[in-house]
Amino acid sequence: MSSKLEIKALQKSYSQGNTCLRVLEAIDFTVGQGEFVCLLGSSGSGKSTLLRMIAGFETPDSGEIVLDGQPVTGPTAKRIMVFQDFNQLFPWKTVLENVVFPLKMKRIGASDRERRAMAAVYLAMVKLEGCEQCYPHQLSGGMKQKAAIARALALQPELLLMDEPFGSLDAQTREVLQQTLVKVWQDTGVTIVFVTHDIQEAVILADRIVILSKNNHRIREIVQNTLNRPRDPGDPLFPKMWQEVYGMLDATE
Ligand SMILES: Nc1ncnc2c1ncn2[C@@H]1O[C@H](COP(=O)(O)OP(=O)(O)OP(=O)(O)O)[C@@H](O)[C@H]1O
Ligand SMILES: [Mg+2]
């Protein structure tokens, strides 16, 4: 698998008053083209900080982030982020218009008609057909997240960055959206870096799990997920994988 994203010797601290808060140190890993990688770690281990740097919203103190051979120096539409917050959509636009608007801004599609057709394809992919004319306030949290994912995918990003997008959903809705996301990932071939602190979520979604340690600010381990897809927590091999990952967290947190 060729390297899509390379994270090299990344280091990041924040100044808090007179003190320097070390967050990430010697972070090195790669993400392959079309790979699904989860960043897993306890609260404060630097997952969101790392994702924001990959997005180009923040700069590392030292080290390098390279996407398709080019250093990341700021945000671009090649790297689109989906957040946990349900209020990512424009409340005054319909679901369809929410997906069409960024396409128009990025001059994707030759006409409004073509953009609306493109938007409808991605909304169908996340199973939101029939909701195109709804406004965000008419949607459940899960539906809002699906719309946010469709909007991100419609821009055909090189990298989809997701920061606990299902973190505020109930367990059942979360499972449904995980399955939808895996299907969308398989259908589009998009490369995904997904932040979670939920072991089960990482085991269901990821090809590889990058485990961050809050104690030394480094990568504790990169675990290859050996479970076949489609994944099911009822699979007798599932608890073994879960346990392996849990053991890595337990040793450091
Ligand atoms: N802009 C900032 N200024 C100062 N400190 C920050 C800033 N952003 C994050 N931090 C600190 O960096 C550390 C890592 O934060 P980060 O949000 O990356 O963790 P996280 O792993 O995403 O946690 P959570 O699971 O709770 O979302 C925390 O101690 C946090 O307080
Ligand atoms: Mg976070």
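The values are calculated or read from the model by the stated rules, or taken from the named source; none is laboratory data. No experiment lies behind these values; they were computed from the predicted model shown. We place every Cβ from the backbone using ideal geometry, glycine too, and count neighbours over all the protein chains shown. Calculation scope for accessible area: heavy atoms of the full protein, side chains included, ligands and nucleic acids excluded. Shrake-Rupley method; radii C 1.70, N 1.55, O 1.52, S 1.80 Å.
Structural remarks
- Cα centroid of segment 141-172 to Cα centroid of segment 16-75, whole Å: 20 Å
- Computed log10 I(q)/I(0) for segment 85-156 at 0.22 Å⁻¹: -0.85, from the Debye equation with unit scatterers placed on every C-alpha and solvent omitted.
- Long-range HN-HN contacts of residue 220 with modeled amide H, under 5 Å: 211, 212, 213
- Here the mean projected area of the convex hull built on the C-alpha positions of segment 114-253 is 9.5 nm².
- Fully extended contour minus Cα-Cα distance, from residue 188 to residue 121, at 0.36 nm per residue: 23.0 nm
- Shape index of the chain: Rg/Rh, with Rg the Cα radius of gyration and Rh the Kirkwood radius from the inverse mean 1/r over Cα pairs, equals 0.97.
- For segment 144-253, the carbon plus sulfur part of the accessible surface works out to 46%, probe radius 1.4 Å.
- Among the listed pairs 4/214; 146/240; 104/214; 47/183; 47/240; 4/240, those with a Cα-Cα distance over 32 Å are 104/214.
- Legend: P(r) of segment 141-212 from all alpha carbon pair distances, 5 Å bins from 0, whole percents, reading 3, 15, 31, 28, 17, 6, 0.
- Peptides ranked, highest mean first, by Cβ atoms within 10 Å: ranges 39-46, 93-100, 168-175, 67-74: 93-100, 39-46, 168-175, 67-74
- Spherically averaged projected area of segment 39-117 from its Cα convex hull (nm²): 7.5 nm²
- The largest-to-smallest principal axis extents of the Cα set in segment 68-107 are 38, 27, 13 Å.
- Peptide ranges 115-123, 147-155, 15-23 listed from the most packed, as the mean C-beta count within 10 angstrom indicates: 147-155, 115-123, 15-23
- Solvent-accessible area per residue for segment 1-126 (1.4 angstrom probe, square angstrom): 49 Å²
- For segment 49-64, Karplus couplings with θ = phi - 60° (6.51, -1.76, 1.60), whole Hz, Gly/Pro x: 4, 4, 5, 5, 6, 5, 5, x, 6, 9, 9, x, 5, 8, x, 9
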